[in-house]
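**Q** Sharing a structure with you now.
The numbers here are math on the coordinates, done by the rules we state, and not lab data. Everything quoted here is computed from the prediction, not taken from an experiment. Backbone-built Cβ (ideal geometry, glycine too); neighbour counts: all protein chains shown.
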Amino acid sequence: MNRHWNGLYELEINRVAKELGLGRTDNVEGMIIEHCLALLRGWVAVHGTPETLTELAKEFAASLDLRITEVHTEADIDAVLEEVTPVQKAVIGELKTEFGGDTDAIIVRRLDPKPWDREYWAIINCQEWHAYRRYFTTWHEIVHLLLEGQQLDFAFRHTREKRSEPAEVLVDRVAAALAFYPDMFEPVVREEYTREGRLTFDAIDRVRERIAPDASREATTSACLRHIPSPVWFLQCGMGLRASETRRLNSPQLSFFPEETPEAKLRVLKGWMSPLAKDLAIRFHPNMRVPESSIVNLGFHDVWGEAKQGTEVLDAWETSSGGSIGSGEIYVEARRRGDAEVWAIASLNADG
Ligand SMILES: [Zn+2]
């Protein structure tokens with residue numbers, strides 16, 4: 001996302017803010033998010049708090065005249081196609097091919113809805129790897145309606161997996177705030193955090209079971225971090241090469257002699273942190289090596305794939321230029337995720 005993109009994003013958020021009749025502020029994106037949260041809060045004030053965030057999504061969508069249908073199989077797609085009008089069918093095209101690719105969802109506006117129909121219909125792709133995105137995709141479609149309201153001038157639109165257009169990025173950022181509606185989510189996170197005295201994978205699983213059963217583990221974990229009142233990092237690690245090695249491997253001009261073929265090492269792939277962690281200068285950089293002595297490394301190589309936890313020193317975590325990213329003790333819990341990844345939670349309150 002470069003300067004040109006930032007300029008376009010600025011234009012987009014100002015356009016949306018104007019459309020919504022919002023005033024001027026330094027933080028336009030924050031104002032739009034607050035506006036949408038207020039709409040949700042207003043709905044809850046009238047209709048009461050549902051049991052889970054999944055129900056909140058469904059009921060709130062219905063109040064916007066939006067019907068949500070999840071498709072898990074090709075038979076589900078056939079059922080959808082039987083319901084759409086011939087004209088819409090022509091626009092939608094090959095839904096099976098589309099959902100077999102990178103489309104997360106489509107939304108259609110029923111231009112001539114029957115009295116019992118909802119005006120908008122979002123069809124959420126839950127096949128294969130799309131399934132774990134379905135909860136977030138649902139909120140994405142809800143946010144489109146909140147931001148575009150009655151001006152919505154489409155009959156049909158898809159949402160693809162990769163979306164970098166400013167309008168789509170804004171929708172995603174608002175959706176991230178609404179999907180874990182803080183008024184419902186935060187009290188549960190605080191309760192489970194307090195019960196364990198720290199953020200653990202078990203605590204996150206319980207949060208998910210209790211309040212966000214359809215959200216992915218990854219999304220739930222990063223949402224939990226926002227409400228943790230201590231410095232905590234969440235890391236996803238897997239085997240990989242140094243950036244320079246990857247470049248060389250992909251370059252047609254440069255090649256390796258067989259004896260110097262680079263060896264993949266366990267590295268940080270992605271990381272998130274709590275607000276208090278952001279205040280500290282400790283950063284687990286993407287692509288940095290996981291120390292061999294680390295609990296994260298033990299958790300990854302354990303044959304039984306059991307969770308590992310304990311205290312280790314931060315000093316062992318070094319950047320490629322050699323310096324360590326911090327000093328002192330951290331408490332680490334590591335869990336294998338499939339064959340290729342290990343996830344870790346690192347806390348600075350190393351008292352256990
Ligand atoms: Zn979209």
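**Q** On C-alpha positions alone, give me the angle between the axis of helix 134-148 and the longest principal axis of the chain, in degrees, nearest 10.
**A** That works out to roughly 50 degrees.
**Q** Can I ask one more? If you plug each phi of the range 210-215 into the Karplus form 6.51 cos²θ - 1.76 cosθ + 1.60 with θ = phi - 60°, what whole-Hz ³J(HN,Hα) values come out, in order, with x for Gly and Pro?
**A** 6, 10, 10, x, 9, 6
**Q** Do you know the relative contact order of the chain, to the nearest whole percent, from alpha carbon pairs under 8 angstrom that are 6+ apart?
**A** Normalised by residue count, the contact order of the chain is 13 percent.
**Q** How would TYR132, TYR120 line up from fewest to most surrounding beta-carbon atoms within 10 angstrom?
**A** Result, fewest neighbours first: TYR132, TYR120.
**Q** For the range 3-179, place one equal point scatterer on every Cα, skip the solvent, and apply the Debye formula. What is log10 of I(q)/I(0) at q = 0.08, 0.10, 0.14, 0.20 Å⁻¹?
**A** Debye curve over Cα of the range 3-179, log10 I(q)/I(0) at q = 0.08, 0.10, 0.14, 0.20 Å⁻¹: -0.26, -0.40, -0.79, -1.46.
**Q** Let me ask something else. Quick check: from the Cα gyration tensor, does the range 1-92 come out rounded (a/c under 1.5), prolate or oblate?
**A** oblate
**Q** Could I ask something else about it? Let me make sure I get this right: for the chain, a, b and c are the square roots of the gyration tensor eigenvalues over alpha carbons, sorted descending. Under 1.5 in a/c it's rounded, otherwise prolate if a/b > b/c, else oblate. Which is it?
**A** Prolate.
**Q** Arranged by the count of other C-beta atoms within 10 angstrom, fewest first, what order do GLU161, GLU12 take? Walk me through the intermediate numbers first.
**A** Numbers: GLU161 13, GLU12 18.
Result, fewest neighbours first: GLU161, GLU12.
**Q** Once you have the Cα-Cα distance between ARG24 and VAL303, take 0.36 nm times their residue separation minus that, and quote the gain in nm to one decimal.
**A** 94.7 nm
**Q** Would you mind calculating the relative contact order of the range 230-347 from Cα pairs under 8 angstrom and at least 6 residues apart, reporting the percent as a whole number?
**A** 30
**Q** Build a GNM of the chain with springs between Cα atoms under 10 Å: which of THR261, THR103, THR138 gets the top mean-square fluctuation?
**A** THR261
**Q** Looking at the chain, how many pairs of lysines come closer than 22 Å at the Cα, when each pair is eight or more places apart or spans two chains?
**A** Step by step, the pairs that qualify in the chain add up to 7.
**Q** Can you show me the helix-derived [θ] at 222 nm for the chain, built from DSSP H runs with n ≥ 4 at -39,500 (n - 2.57) apiece and divided by the number of residues, rounded to the nearest 500.
**A** Result for the chain, helices only: -13500 deg cm²/dmol.
**Q** Once each part is reduced to its C-alpha centroid, what is the distance from the range 307-340 to the range 262-282 in angstrom?
**A** Cα centroid to Cα centroid, the span is 9 Å.
**Q** A further question follows. Any chance you could run the full-extension gain for MET239 through ASN287? It's 0.36 nm times the residue separation minus the Cα-Cα distance, nm to one decimal. Could you put the intermediate results ahead of the total?
**A** Details: separation 48, 0.36 × 48 = 17.28 nm, distance 0.96 nm.
In short, 16.3 nm is gained.
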